[in-house]
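Undergrad: Questions regarding the structure given below will be posed in turn.
The values are calculated or read from the model by the stated rules, or taken from the named source; none is laboratory data. From a predicted model like this one, the values you see are computed outputs, not experimental measurements. All Cβ positions, glycine included, derive from the backbone under ideal geometry; neighbour counts span all protein chains shown. The accessibility values were calculated without ligands, DNA or RNA, using every heavy atom of the protein model including side chains. Shrake-Rupley method; radii C 1.70, N 1.55, O 1.52, S 1.80 Å.
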Amino acid sequence: MSILLDETTRVLIQGVTGRQARLHVSYMQKYGTNVVAGVSPSHGGEIVNDVPVYNSVGEALAHHRIDITVLFIPGIAVKSAAMEAIEAGIPHVHILAEGVPHHDASLIIETATAKGIRVVGPNSQGIISVGKAKIGGTGGPVPSRIYSEGPVGIIARSGGMGGEIANILTRNGIGQSTFVPIGGDFLVGTSFVPLLELFEKDPDTKAVAIFGEAGTGQEEAAARMIKDRQFTKPLIALIVGDSVARLPKGLSFGHTGSIIEHDVGSPAQKRKLLLGAGASVADTLADIPALVRAALHA
């Protein structure tokens, strides 16, 4: 199985006539993603990679059932596109763009939460459920070079580093179920905790690897989940950002979420709490395969 996405998931692409969308839609379709429609104002009636294009989300919904919409939209224009999808009731809104203004992201997340709609991102690379489907840029044109089917879920703030974890697992004969890069922006719609809840319920995911940077309290919340027995599968964490912890207070370096305040979000605190809860913590990327293998065979 997988979480959030499989070959039956009906996907809408907002901004489908843009250059990046045209390229990645072809990769998504080749991998098995069920792209059913696209939206691009003033381009209604066109066809992109055999996908019908509509002028609005409402028009698309009049002809298709939609499970996920993927926004290939520049950050400055994300608010209007995301709000259109949220108001239309699409259950999962996936935002790829970075640089979404914080006020816009806050409004999007608040509105979606009130309506029971999941937002992933901003600044998410996409999702891949290995061997089934992918959205966004995750895996590029040939996902099989990095990802292989298997029992390990992956969650990461960084799409690139989550891909590195998948790659080193694949090279060591360990496959993956679903990888969700949640985005590195200061405000993101879906954090580690709700994804761990989904992985907990997925019978084919036997362990989860997470990649955490300095900033936010997401790993601390994951540690509380483990202590409270809300997440019972093995968790393997790679925590980085010690140099960020030595920067002047309030200074962000890297992703906009990389801000440590009152020790919340410090790499040392994350490691301490995760180890205390019973998770495995990798010191380097190279340590992950052995820790995962040990967890799977415990």
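Undergrad: Can you tell which of Ala286, Ala277, Ala282 is open to solvent by 70 Å² or more (accessible area, probe 1.4 Å) and at pLDDT 95 or above?
TA: Of Ala286, Ala277, Ala282, the one residue that is open to solvent by 70 Å² or more (accessible area, probe 1.4 Å) and at pLDDT 95 or above is Ala286.
Undergrad: Next question. From the list Leu23, Leu61, pick out the single residue that is free of Cβ contacts under 8 Å to residues at least 24 places away in the same chain and more than 17 Å from the chain's Cα centre (by Cα).
TA: Matching residue, one of Leu23, Leu61: Leu23.
Undergrad: Follow-up. Any chance you could count how many residues in the range 190-216 are under 21 Å from Ser158 (Cα atoms), out of contact with any Phe, Trp or Tyr (no Cβ under 9 Å at 6 or more places or on another chain), open to solvent by 30 Å² or more (accessible area, probe 1.4 Å) and of a type outside the set (S, T, N, Q)?
TA: So the answer is 2.
Undergrad: Restricting to the range 202-233, count the residues that are under 22 Å from Leu169 (Cβ atoms) and outside any loop (DSSP other than H, G, I, E, B).
TA: Count: 10.
Undergrad: Residue by residue through the range 1-44, note down the ones that are at pLDDT below 95 and either β-branched (Val, Ile, Thr) or crowded, with 18+ Cβ neighbours inside 10 Å (or both).
TA: The one that is at pLDDT below 95 and either β-branched (Val, Ile, Thr) or crowded, with 18+ Cβ neighbours inside 10 Å (or both): Ser2.
Undergrad: Could you check, for the range 151-161, whether at least one of its residues is in contact with a Lys or Arg (Cβ under 8 Å, 6 or more places away or on another chain) and open to solvent by less than 40 Å² (accessible area, probe 1.4 Å)?
TA: Yes - at least one qualifying residue is present in the range 151-161.
Undergrad: Ok, one more. Would you be able to tell me the number of residues in the range 107-146 that are open to solvent by less than 10 Å² (accessible area, probe 1.4 Å) and within 15 Å of the chain's Cα centre (by Cα)?
TA: 15
Undergrad: Same structure, new question: Mind checking which residues of the range 114-130 are of a type outside the set (A, V, I, L, M, F, W, C) and in contact (Cβ under 8 Å) with a residue 40 or more places away in the chain?
TA: Selection gives Arg118, Gly121, Pro122, Asn123, Ser124, Gln125, Gly126, Ser129.
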